[in-house]
Structures are given as structure tokens and as C-alpha cells.
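The values are calculated or read from the model by the stated rules, or taken from the named source; none is laboratory data. No experiment lies behind these values; they were computed from the predicted model shown. Cβ: placed from backbone, ideal geometry, glycine included. Neighbour counts: every protein chain shown.
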Amino acid sequence: MVIVRRGDSGRLLDGWRDPATVRAQGMALRDVAPHAAHDHPALGPNRPAVLDYVTASNEGRLNHLVPLRIGRMLASPFAFYRGAAGLMAADLVGGPVSGLSAQICGDAHAANFGLYGATDGTIVMDVNDFDETLVGPWEWDLKRLAASLVLAGRVGGVSERGCQDAAEDAVRSYRLVVAHLAEQPFLESWTAPPDKRVISRARAHALLDDFTRASDKARKNTSAKVAAKWTRQVDHATWRFVENPPVLTHVDAATAGAVARGLVGYVETLRESRRNLITRYTLSDVAFRVVGTGSVGLRSYVALLHGNGDEALVLQLKESRPSALAPYLGSPPAEHDGRRVVEGTRLVQTETDVLLGWTTVDGRPFLVRQFRNKKGDIDPTRLNGGRLDDYGRLAGALLARAHARSIDPRVLAGYCGEEDDHSALDDAVGRFAVRYADQTEQDHAELARAVKDGRLPALTGV
């Protein structure tokens, strides 16, 4: 399945295809990769040793923040998993795949689905982290989601049966949503917003209260709130960030100047209608801000912009490295990794940040976005068995919608099947998810031993 890129418009409008024929193409791929084949060993034949992988993934990061990254990965097996997308790619490469490619998230674990504000002010929920995005096998995203649900459930004390049920139901929900999208008019399936209605369609009703609470909190998570908490006013036209080391620290004049120049270049990467908007603001201050788990140690800045009257806008400039999946997918180097992330986001999400763009700072590629765009989340490690199961269904539905924007859902539905009850694919991926969660716990234990023995430095509790 070819993803149409810029310059590929000649492939369009080349003749109508009967939907049944398209579905049959997908069904034929079950001979290439039977559903049962997705119940495969956790370890890939050429996976690196855990400590070798962690050490290699720290290369190029700021050395003084590496112990903080290790400390965050040490918190739990689920936390380790969040920082090890490349390790799972090493395990999946060469495994069974249907041959259908999508614009994948690349790191579709359960904590990478979040709430944020749409252009009309509503709160939507979608895949929300694209640092590793590439064209690749859709199965990799689905298996990463399923295994993460098992790990998150174990952290939250969910029974083993409950954890596996959540993984299997994520796959089932994925299949059913793909089948639904395969029946819809193309334009309707493309533009349907991932809002509160998705919960009902995914039969995730136990999450309604969680979604409502998270939405109410997200609506308050704005640049104005950040400015009130993290800044002080120097005079009527100037604000400054207030340090909170090691998470938020000042930068020197040279770095601030480089970020300012980067923001000038960033304006040109915005969609045309938004360039006039961003140029109405004035840059007031720049600081360094530590973010995430897998991203700790990368260069990440926050820029404080002064708008109309007392209005504040906070942008994040986050260093973009080559996708951790690229070596295993044989992907050529991106011309600009910030652009890779932005274009992947725009393709996958129905609603994207209106100020999403990219730039270069001191020769390094960066992603630029609003730092607080009414963002919120539902923590999967805090859900009991029934709610984790519903969360799995919701995440599976959202992932299906994401993949269907770059791959014909009719072909994918033909491969996945439309059974309303559990299918062989659900069972196979569910069993793999449990097996991979077991392996991740062993990997986490190895990291813990290395920290205890003094082979790796770790800073915890931050």
C-alpha cells in the first residue's frame, strides 16, 4: 500500500475500484502473515544488550541530564518501556507483517494518547507523540500499544487476566473501527473529530468520568496558566521565567539568540494563514525545560512571547533526533527531523496544533509547538481492571483512526477481519503482549542492577 506524498498526485484519480475487490486484496495478505503468526517470541535475533542499547541511546544528549533520564526509566517497567522504543523495534524487525505500511506513531504506548484543544475550542483525544514517526508496519504500533497496556495494568495492580483482556480488547477495537471506517465516505472518515463521542463508539463508557475530569483540567492548561506559575513581570512589556532547577533553568545570551533566530525561520514552516498570527507576538524570554522520559537529555527550550496586553504565549522548541526505528526499517535519513515529525503529525492527527512547525537552532533540527495547548491525559497506570479494559478499547479505536489516514481502511479491514467477538488476531497479539511485558520486566531489572552496581548513574525523584 503506497502512501501518497508530495509529488505523487499522478497516482490520484486513476479509476474507481470496487470496495469488495479492495477488501479481497487485504484478505489475501492473511496468506502472507496469518493472524496466528503474530503470537511470536518477544526477543529479536539481533537485539542489542539492554545496557548497550541504553548507552547508545544516551549519545548526543546533554551529559548532565543522562542520570535524570536513567532515573525516570528506573521508576517502573512501564517507565523503562516508554524510553525504549528502539529496543522493541529491534525485537520486531523481521517478524510477521502483512506488508501494509502506514504513517506509524512509532511509539504508540498507552501514555502517548492524550487530550488537547482543537481549533474550535473543544477537547479531543488522539495519538500525541510523534518523535519516532515513520512509514512502517501498522502492526508495530498495535503491538507496542498492547504490550504497554499489560505493563501499565501491572503497575496499577490489575490482575493478569485483566491486563491481557485490555490488550486483546485494544486489538478488537482496532479491528472494528477499521471495519467501520472501511464503510464510510472517505471525507467523513477523514474529518470525524476524535472527541468525546469516540468513547461511546469504542464502548468505553467506564471512562466517561475520567474523560470529563481530564477535559475539565485540560481546559485550564494554557499559556496563561504557565505564565502565572513560572514567570514574573519585569516591567509593563517584559516577562522572565523563574528558575526551578533542574527542570527549568535560564540559558546564556548566545543560546537565547540562537533560539530567537530559530523562531524567525520557524514562521515560514507554518501554514500560510497562521504566519500573520505568530508575527503579532514579541519574544520576551527563553529558558531550558526538561521534558518526558525518552526525551530527557535532548535540548528543549520554552520561549515566552508577549501578546495583546497581558497575553502570554509559551512555545516549546524540542530537539528532534532521527527516529529510533529508522535503522530497523531501512529508512533513509530525513532531510530535517523536525519536519519529519511535523509532517507525520499533520498526516495522522485529525486536529493539529495551529502553531505546529519546525526550525533549526545551532545546526540542530527542532520541532516547535505550543507548550500548553489545553493538554491533559488519563493515566493508564491509575485505572482499575474494567477502566483499563475500556482505555484499551479507546486507544485501539484512536490508533485505527490514525492509521486509516495513511492506509486504505478497506484493505486493512480485509486483512484484520470484522468479527465482533474475539478473533485469532486479538488472541495472538494479546499473548505476544504478555510475553513482551515479561521481557520488559527483565530488561528493567537489568537496568536496576546496573544502577545498583554503579555501572550507570541515576537521579531519581525528579
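Annotations
- Set side by side, the residues ALA206, ALA182, ALA218 differ, and just one is in a helix (DSSP H, G or I), touching an Asp or Glu at 6+ places or on another chain (Cβ under 9 Å) and at pLDDT below 90, which is ALA206.
- Annotation note: Cβ proximity below 6 Å between a residue of segment 266-287 that is touching a residue at least 24 places away in the same chain (Cβ under 8 Å) and a residue that is part of a loop (DSSP other than H, G, I, E, B) and crowded, with 16+ Cβ neighbours inside 10 Å (sequence gap 6+ or interchain) occurs for ARG274/VAL354; VAL286/VAL251.
- Residue in segment 421-442 that is polar (S, T, N, Q), touching a Phe, Trp or Tyr at 6+ places or on another chain (Cβ under 7 Å) and either assigned to a helix (DSSP H, G or I) or closer than 14 Å to GLY71 by Cα (or both) present: yes
- In segment 22-68, the residues that are under 27 Å from ARG299 (Cα atoms), touching a residue at least 40 places away in the same chain (Cβ under 8 Å) and part of a loop (DSSP other than H, G, I, E, B): PRO48, ASN58, GLY60, ARG61, LEU62
- Qualifying strands (runs of 3 or more DSSP E) (wholly inside segment 232-294; at least 2 residues being in contact with a Pro (Cβ under 7 Å, 6 or more places away or on another chain), acidic (Asp, Glu) and modelled with pLDDT of 95 or more): none
- Test: residue in segment 377-393 that is closer than 30 Å to ALA33 by Cα, touching a residue at least 12 places away in the same chain (Cβ under 8 Å) and surrounded by fewer than 17 Cβ atoms within 10 Å (Cβ to Cβ): no
- Which numbered condition LEU347 misses (of (1) more than 26 Å from LEU207 (Cβ to Cβ); (2) within 17 Å of the chain's Cα centre (by Cα); (3) surrounded by 20 or more Cβ atoms within 10 Å (Cβ to Cβ)): (3)
- Segment 174-228: number of residues that are more than 30 Å from ASP18 (Cβ to Cβ) and among the acidic types (Asp, Glu): 4
- Options LEU398, LEU456: the member that is touching a residue at least 60 places away in the same chain (Cβ under 8 Å) and part of a helix (DSSP H, G or I): LEU398
- For segment 238-274, the set of residues classified as basic (Lys, Arg) and either more than 26 Å from the chain's Cα centre (by Cα) or assigned by TED's automatic domain parsing to the domain that holds ARG72 (or both) consists of ARG240, ARG261, listed by residue number.
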